[in-house]
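Enquirer: Sharing a structure here in structure tokens format.
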Amino acid sequence: MSVPTLLDVSQAQPRLSELTVVDVRTPGEFASGHLPDAVNVPLDRLTRSLPELRRAAESKPLLVVCASGARSTSAADTLASRGIPASSLTGGTQAWTAEGHVLQHPDGSRKRAVWAMERQVRFAAGVCVLLGLALGLLLHPSLALLSAAVGGGLVFSALTNTCGMAVVLGRLPFNRRGAGIHP
């Protein structure tokens, strides 16, 4: 069975039992709620999991999911470049819940949600910019270069569609909670 590159919630929900759902968010984000029966393969571990994902795709088409659809689209493109067909859920878990569908929790209970990676990056970048400005005003003007460095990093991130800050934040303990769930 073939699946299109992008599926919206109304297309994916009725076919969920026919798909292997692969959630590429961090383990902490995954633990705060995921699509039913999804497996967690964080984006930074995707290439290491290619053999398992290839086997999973042989039995059921893959539906790749993240919070907003950005990381899952990137993951689906990576899989396609390696000969593994996969679809991305447009709008991610945010669109899933907006359509009134529930998220599953690993232990059946709702734990304190971990912020989506995009939100963590925005928060960390904002703190660094404010810190650089404050240190530049209070201690030494050259410390304001921290703000410039963050701005440059954000521009580089946009141009390359990568995010070094997300990689670093993804390694923090609260983003690693529940690691080790694989297809």
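Enquirer: Given a 1.4 Å probe and the protein chains all in place, what does the accessible area of residue 23 round to, in Å² to the nearest 10?
Expert: That residue has around 0 Å² of solvent-accessible surface.
Enquirer: Taking the Cα centre of the stretch 1-100 as origin, sum charge times position over the Cβ atoms of Lys and Arg (+1) and Asp and Glu (-1), and report the length of that vector in debye to the nearest 20.
Expert: Computed about the Cα centre, the dipole is about 280 debye.
Enquirer: Heavy atoms of the protein only, probe of 1.4 Å, neighbouring chains included. What is the accessible area of residue 172 in Å², nearest 10?
Expert: 60 Å²
Enquirer: Take every DSSP beta bridge whose two residues both sit in the chain, then give the antiparallel share in percent to the nearest 5.
Expert: Close to 10 percent.
Enquirer: So how exposed is residue 18, as accessible area in Å² (1.4 Å probe, rounded to 10)?
Expert: Roughly 70 Å² of residue 18 is accessible to a 1.4 Å probe.
Enquirer: Assuming 0.36 nm per residue, please report the length gained on full extension of the stretch residue 97 to residue 167 beyond their Cα-Cα distance.
Expert: 22.6 nm
Enquirer: For residue 143 and residue 50, FRET efficiency with R0 = 41 Å and r from the beta-carbon atoms, rounded to 0.05?
Expert: For R0 = 41 Å, the calculated efficiency reads 0.40.
Enquirer: Now a separate question. Which ³J(HN,Hα) values, rounded to whole Hz and listed in residue order, are derived for the stretch 63-73 from phi using the Karplus coefficients 6.51, -1.76 and 1.60 in 6.51 cos²θ - 1.76 cosθ + 1.60 with θ = phi - 60°, glycine and proline given as x?
Expert: Coupling constants for the stretch 63-73: 10, 9, 10, 9, 6, 10, x, 6, 5, 5, 5 Hz.
Enquirer: Using the Cα centre of the stretch 73-162 as the reference point, and only Cβ charges (+1 on K/R, -1 on D/E), how large is the resulting charge dipole? Debye, rounded to the nearest 20.
Expert: 200 debye
Enquirer: Continuing with this model, one more query. Work out how much length residue 16 to residue 154 would gain on full extension: take 0.36 nm times their residue separation and subtract the Cα-Cα distance, in nm to one decimal.
Expert: Here the segment from residue 16 to residue 154 would lengthen by 46.1 nm.
Enquirer: I've got another one for you. Could you list which residues have their amide H under 5 Å from that of residue 87, counting only those 5 or more apart in sequence or on another chain, with H placed in the peptide plane?
Expert: 62, 63, 64
Enquirer: Can you give the calculated 222 nm mean residue ellipticity of the chain, where each DSSP H run of n ≥ 4 adds -39,500 (n - 2.57) and the sum is split over every residue, rounded to the nearest 500 deg cm²/dmol?
Expert: Dividing the helical sum by the residues of the chain leaves -14000 deg cm²/dmol.
Enquirer: Still on this structure: Relative contact order of the chain: what whole-number percent is it, with Cα pairs under 8 angstrom and at least 6 residues apart?
Expert: Value for the chain: 28 percent.
Enquirer: Starting from the 7 Å offset along Cα-to-Cβ, what nm value, one decimal, do you get for the label separation of residue 82 and residue 122?
Expert: For the pair residue 82/residue 122, the computed spacing is 3.0 nm.
Enquirer: Would you work out the charge dipole size for the chain about its Cα centre, treating the Cβ of every Lys and Arg as +1 and the Cβ of every Asp and Glu as -1, and quote it to the nearest 20 debye?
Expert: For the chain, the charge dipole is close to 420 debye.
Enquirer: Hey, what's the Kirkwood Rh for the chain if you take every pair of different alpha carbons, in angstrom?
Expert: After inverting the mean inverse Cα-Cα distance, the result is 17.4 Å.
The values are calculated or read from the model by the stated rules, or taken from the named source; none is laboratory data. The structure presented is a predicted model; accordingly, all values stated were derived computationally and were not measured. For neighbour counting, all protein chains shown are included, and Cβ atoms are generated from backbone atoms with ideal geometry for every residue, glycine included. The area values use the complete protein model at the heavy-atom level, side chains included, leaving out ligands, DNA and RNA. Shrake-Rupley method; radii C 1.70, N 1.55, O 1.52, S 1.80 Å.
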